[in-house]
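Taking it in order: structure first as C-alpha cells, then the write-up.
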Amino acid sequence: MTAIQQHIAAIRSTLPEGVRLICVSKFNPISAIQEAYDTGERDFGESHVQELLPKYEALPKDIRWHMIGHLQTNKVKQIVPFVHLIQSVDSIRLMEVIQKEAAKIGRMVNILLEVHVAHEEAKSGFLPEELPEALEALKRMPNIHLKGLMTMATNTEDETEIRRCFHEARALMEALQLTPPDYQLSIGMSSDYRLAIEEGSTMVRIGSTIFGERHYQ
Ligand SMILES: *Cc1c(COP(=O)(O)O)cnc(C)c1O
C-alpha cells in the first residue's frame with residue numbers, strides 16, 4: 001500500500017455508514033488520484049475548472065467529480081456535461097447559468113447550495129436568510145436537482161465555534177425540510193471532519209489528510 005492508500009484506509013475505518021468520503025484532489029497530480037482510485041474511491045473534489053478538465057480527460061470515466069471551489073459563471077459550460085455534483089453554488093445568478101447550460105445539452109445537474117455560516121468575511125455562500133429565495137428560484141430551473149447544503153466552518157481551532165457553524169447548517173436543513181437521507185449535508189474537512197460527523201455530516205471533503213500537503217498550485 002502506498003501512503004495515500006494507507007491514509008484512505010485509516011479515514012474509511014472511522015467513517016460511519018451514511019457518510020460519503022469525497023477525496024479532495026486539488027493541487028495533486030493525476031498519479032495521486034489514480035492511487036486513490038485503485039483503492040475503490042470514486043468521488044473526487046476539485047476547486048478549479050482549469051485543473052479539473054485535464055484530470056477528467058485523463059482519468060477513468062466512472063469517477064464522480066465534485067466541484068467544490070468558487071465557480072465563475074463563464075466556466076459553467078465546461079463542466080456541466082460531466083460534473084457529478086456542484087457543491088459550491090453560491091448565487092442565484094450562478095444557478096441561472098447552470099440551468100441554461102444544462103438545458104442546452106438536456107442534462108440534469110446536481111447541486112448543493114453553499115451557505116455562509118462562518119464568522120469570516122472571506123468565505124462565500126448564501127446567507128441563511130437568502131436560502132428561501134434560492135429555493136424559490138429553483139422552481140423555475142427544471143434541469144437543476146437540489147441535493148442539499150454545503151458549508152465550511154470558520155477557520156479556527158476553537159471547537160465550540162466550529163460546532164456552532166455545523167450545527168447552524170444542520171438546523172437550516174431541518175428548517176427548510178432538506179433532511180437526510182434524501183438530502184446531503186456536506187460538512188467537514190481534514191481538520192474538522194470528526195466534529196462534522198458528530199454534527200450530522202453525510203459527506204466529508206478531505207484533501208491534505210489523504211494526499212499530504214499540496215504538491216502544486
Ligand atoms: C480544499 C478544500 C477541502 C479539503 O481541505 P483539507 O483541509 O485539505 O482536507 C474541503 N472543502 C473545500 C471547499 C476545499 O476547498
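The values are calculated or read from the model by the stated rules, or taken from the named source; none is laboratory data. The shown structure was predicted, so the numbers you read here are calculated from the model rather than taken from an experiment. Here Cβ is always computed from backbone atoms with ideal geometry, including for glycine, and neighbour counts include all displayed protein chains.
Of the residues 94, 71, 131, which single one is in contact with a strand residue (DSSP E or B) (Cβ under 9 Å, 6 or more places away or on another chain), among the hydrophobic types (A, V, I, L, M, F, W, C) and assigned to a loop (DSSP other than H, G, I, E, B)? Please lay out each step first, then the result.
On the way: 94 fails: assigned to a loop (DSSP other than H, G, I, E, B); 131 fails: assigned to a loop (DSSP other than H, G, I, E, B).
Residue meeting the stated conditions: 71.
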Legend entry - From the options 201, 191, residue that is near the ligand (Cβ under 9 Å from one of its atoms) and within 28 Å of residue 29 (Cα to Cα): 191
Legend entry - Selection count, the stretch 58-73, where residues are within 16 Å of the ligand (Cβ to nearest atom), of a type outside the set (S, T, N, Q) and out of contact with any Lys or Arg (no Cβ under 7 Å at 6 or more places or on another chain): 6
Legend entry - Of all residues in the stretch 19-32 being within 14 Å of the ligand (Cβ to nearest atom) and of a type in the set (A, V, I, L, M, F, W, C), the one that is nearest to residue 198 (Cα to Cα): 21
Inset, instruction - Go through the stretch 33-54 and give me each residue that's farther than 23 Å from residue 201 by Cα, among the charged types (D, E, K, R) and more than 15 Å from the ligand (Cβ to nearest atom). - result: 35, 38
Inset, instruction - Could you list all residues from the stretch 1-59 that are part of a strand (DSSP E or B) and either without any contact (Cβ under 8 Å) to a residue 12 or more places away in the chain or of a type in the set (Asp, Glu) (or both)? - result: 43, 46
Inset, instruction - Please verify whether the stretch 160-172 includes one or more residues that are part of a helix (DSSP H, G or I), of a type in the set (Gly, Ala, Ser), within 16 Å of the ligand (Cβ to nearest atom) and touching a residue at least 40 places away in the same chain (Cβ under 8 Å). - result: yes
Inset, instruction - Could you grab the pairs with beta carbons closer than 8 Å, sequence gap of 6+ or different chains, first residue in the stretch 206-217 and under 18 Å from residue 41 (Cβ atoms) and at pLDDT below 95, second one among the hydroxyl-bearing types (Ser, Thr, Tyr) and near the ligand (Cβ under 8 Å from one of its atoms)? - result: none
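May I ask you to verify whether residue 150 is of a type in the set (A, V, I, L, M, F, W, C), within 10 Å of the ligand (Cβ to nearest atom) and crowded, with 18+ Cβ neighbours inside 10 Å? Please lay out each step first, then the result.
Numbers: of a type in the set (A, V, I, L, M, F, W, C): yes; within 10 Å of the ligand (Cβ to nearest atom): yes; crowded, with 18+ Cβ neighbours inside 10 Å: yes.
It is true that residue 150 is of a type in the set (A, V, I, L, M, F, W, C), within 10 Å of the ligand (Cβ to nearest atom) and crowded, with 18+ Cβ neighbours inside 10 Å.
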Inset, instruction - Would you check if residue 109 is surrounded by 13 or more Cβ atoms within 10 Å (Cβ to Cβ), within 20 Å of the chain's Cα centre (by Cα), away from the ligand (no atom under 13 Å from the Cβ) and within 16 Å of residue 170 (Cβ to Cβ)? - result: no
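State which residue is farthest from residue 157 (Cα to Cα) when the search covers only the stretch 173-206 and only residues that are assigned to a helix (DSSP H, G or I) and among the charged types (D, E, K, R). Lay out the reasoning, then the answer.
The initial filter retains those residues of the stretch 173-206 that are assigned to a helix (DSSP H, G or I), namely 173-175, 193-198.
Imposing the further condition that a residue be among the charged types (D, E, K, R) reduces the set to 174, 194, 198.
Working: 174: 27, 194: 13, 198: 17 Å.
Selected residue: 174.
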Legend entry - Index of the failed condition, residue 100 passing every other in (1) under 25 Å from residue 78 (Cα atoms); (2) in contact (Cβ under 8 Å) with a residue 12 or more places away in the chain: (2)
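Is it fair to say residue 209 is among the hydroxyl-bearing types (Ser, Thr, Tyr), under 21 Å from residue 16 (Cα atoms) and part of a helix (DSSP H, G or I)?
Numbers: among the hydroxyl-bearing types (Ser, Thr, Tyr): yes; under 21 Å from residue 16 (Cα atoms): yes; part of a helix (DSSP H, G or I): yes.
The answer is yes for residue 209.
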